[in-house]
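Accompanying notes for the structure given below.
The values are calculated or read from the model by the stated rules, or taken from the named source; none is laboratory data. Since the model is a prediction, treat every value here as computed from it, not as a measurement. Neighbour counts run over all protein chains shown; Cβ positions are idealised from the backbone, glycine included. Heavy atoms of the whole protein, side chains included, go into the accessibility calculation; ligands, DNA and RNA do not. Shrake-Rupley method; radii C 1.70, N 1.55, O 1.52, S 1.80 Å.
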Amino acid sequence: MKKILILLAGSFIIAVPAIFSQSDAGWISLFDGKTLTGWKKVAGTADYKPEHGNIVGTTVVNSGNSFLVTEKEYGDYVLEMDVKIDDTTSNSGIQIRSHVDPQGHNGKGLVYGYQVEIDPSARRWSGGIYDEGRRDWLYPASLNEKSQSAFKVGKYNHLKIECIGHEIKTWINNVAVAYIVDTMDARGFIGLQVHAISKPEFAGEKVYFKNIRIKTSGLQPTPFPKGIYVLNNIPNTLNRYEYDNGWKLLFNGRTTAGWRGAYKSGFPEKGWSIHDGVLTVLASEGKEGGNGGDIVTTEQFRAFDLSFDFKLTPGANSGVKYFVTLSEHNSGSAIGLEYQLLDDSLHPDAKLGIDGNRTLASLYDLIKANKQKRFIHPIGEWNTGRIIVYPNNHVEHYLNGVKVLEYERGSKEFRGLVAISKYKIWKDFGEASQGFILLQDHGNEASFRSIKIRELK
């Protein structure tokens, strides 16, 4: 606490506390500790009451997700509060820049917008960013594994949320968690969620919110620690943080710079197109190699973090390959480790191979992707794939922010899988020290954008 000096008669000098209100420091309290003035309940029937300086939300039966929201809307701000959940069966979240459709959910009200997750379960996604009532998960906290132990069940946790321009960042107990760049909403209300319950015996569970305050002026972005993945939903762009952390675009959204045809000196003259910031391989009766053939980067990579958006047409087959050496001089698609891109429901390849190892996001013909249906965006919509190859040859595949497989390149287990795959004819398959990144032409239309990479040292 700051102190000021006061000169008293008789030359005595004493120090007394300098009392500043939150508004004097630029902070405004959103909860007076006694009433729900400035708040209103929308959607759901969960109970909200002020108790002992908290807003206490209590679960009830036969209710959807419930929300207590601010009467005012906010645009750019820093929001802070303390949150407590006593058990691991509950779930909650903080709505930011959000809205309500009063006619949604059959007239019961539908809240939609960004939500900062409060997740006491074993999944540990507190601080992650969800798009309530709309796009589902944007930034699962598993994208930043070091943050997943920050939230403490049964204790008050300090939550900080920063919304400035198109950027949203979150912290739990001063640990950086999520970072997104997104243009969907510039302003909206702030809300406190009580999640619907799946069983009657979960009624009566409580979530506590206190010390809720907001700052809307004099904002300066808070630095984020190095090396945290940014979900950037503005196509083919990088923000300053990404640049400073070594990310670079492999596709600039306008030209074929940085790419050439596999086994070719230049980019294919046909079979590929660029339109509205999207790189598309054109359909050619589903023939591997198609019209234009595969394309590869002009650079080779060793250890890296690769992120890419992709969109498939019905029944499509394609892939993103890595550690492609072009040394095999084979016909058809060039050889390399492959992040499979496939319409699992319509393409017959999904039923081939072993135990589903030719399905979407799998390490093709080697390891099946363990994915939940809710994290797969429909055919015709954009999905985000990610491949991380660490310097120690540990490899991970992600789909829409969720890890779906991992393996050790060159390990005994890896070589055993290769020995029973279509790749067994290629000596030391997948073990090159470096290689090209490849986008596959399998004869079906598939589109790509926001292809970015960061080399790992």
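On a per residue basis, segment 62-131 carries 37 Å² of accessible surface, using protein heavy atoms and a 1.4 Å probe. In plain terms, the chain from Asp428 to Asp355 could stretch by 23.9 nm, reckoned as 0.36 nm per residue minus the Cα-Cα distance. Of the residues Lys206, Lys199, Lys146, the one with the largest accessible area comes first in the ranking Lys146, Lys199, Lys206, computed with a 1.4 Å probe on protein heavy atoms.
Given their separation in residues at 0.36 nm each and the Cα-Cα distance between them, Ser29 and Lys373 gain 119.7 nm when the chain is fully extended. On segment 277-349, 48 percent of the accessible area sits on carbon and sulfur atoms, based on a 1.4 Å probe. Estimated translational diffusion coefficient (Stokes-Einstein, Kirkwood radius over Cα pairs, 10 °C, 1.306 mPa s) of segment 292-451: 101 µm² per second. For segment 272-362, the extents of the C-alpha atoms along the principal axes are 35, 34, 28 Å, listed from largest to smallest. Globularity index of segment 330-382 is 1.17 (Cα radius of gyration / 2.2 N^0.38 Å, N = number of residues). Residues Ile172, Ile28, sorted by accessible area with the largest first, give Ile28, Ile172 [1.4 Å probe; ligands and nucleic acids excluded]. A simple spin-label model places pseudo-atoms 7 Å from Cα toward Cβ; at Tyr156 and Ala186 they are separated by 3.6 nm. A value for Cα extents along the principal axes in Å was derived from the coordinates, and within the list [x] 81, 46, 37; [y] 93, 60, 44; [z] 87, 52, 50 it appears as [y]. The distance between label points at Ala122 and His394 comes to 2.1 nm (points 7 Å beyond Cα on the Cα→Cβ vector). With a cut-off of 8 Å between alpha carbons and a minimum separation of six or more residues, what is the relative contact order of the chain in percent? Value for the chain: 15 percent. Accessible surface area normalised per residue over segment 390-447 is 46 Å², counting heavy atoms of protein chains with a 1.4 Å rolling probe. Segment 391-457 and segment 72-137 have Cα centres spaced 35 Å apart. Ordered by solvent-accessible area of protein heavy atoms (1.4 Å probe), largest first, the residues Arg213, Arg124 come out as Arg124, Arg213. Label separation (Asn239 vs Asn330): 4.1 nm, computed from points 7 Å beyond Cα along the C-beta direction.
Segment Arg415..Phe202, full-extension length gain: 71.9 nm, with 0.36 nm per residue of separation and the alpha-carbon distance subtracted. Among residues other than Phe429 with Cβ under 15 Å from its Cβ, the summed charge is 0 (Lys and Arg +1, Asp and Glu -1).
Does segment 327-416 classify as rounded, prolate or oblate by the C-alpha gyration tensor (a ≥ b ≥ c root eigenvalues; a/c under 1.5 gives rounded; else a/b over b/c gives prolate, otherwise oblate)? Oblate is the answer for segment 327-416, as a/c is 1.5 or above yet b/c matches or exceeds a/b.
Our Cα-only numbers for segment 124-273 put the radius of gyration and Dmax at 20.2, 68 Å. Starting from the Kirkwood radius over alpha-carbon pairs of segment 369-457, derive D by Stokes-Einstein at 10 °C in a medium of 1.306 mPa s and give it in µm² s⁻¹. This corresponds to a translational diffusion coefficient of 103 µm²/s.
Hey, any idea what % of segment 90-201's accessible area is carbon plus sulfur with a 1.4 Å probe? About 50 percent, which is the carbon plus sulfur part of the accessible surface. Each other residue within a Cβ distance under 13 Å of Ala150 adds +1 if Lys or Arg and -1 if Asp or Glu, for a net charge of +2.
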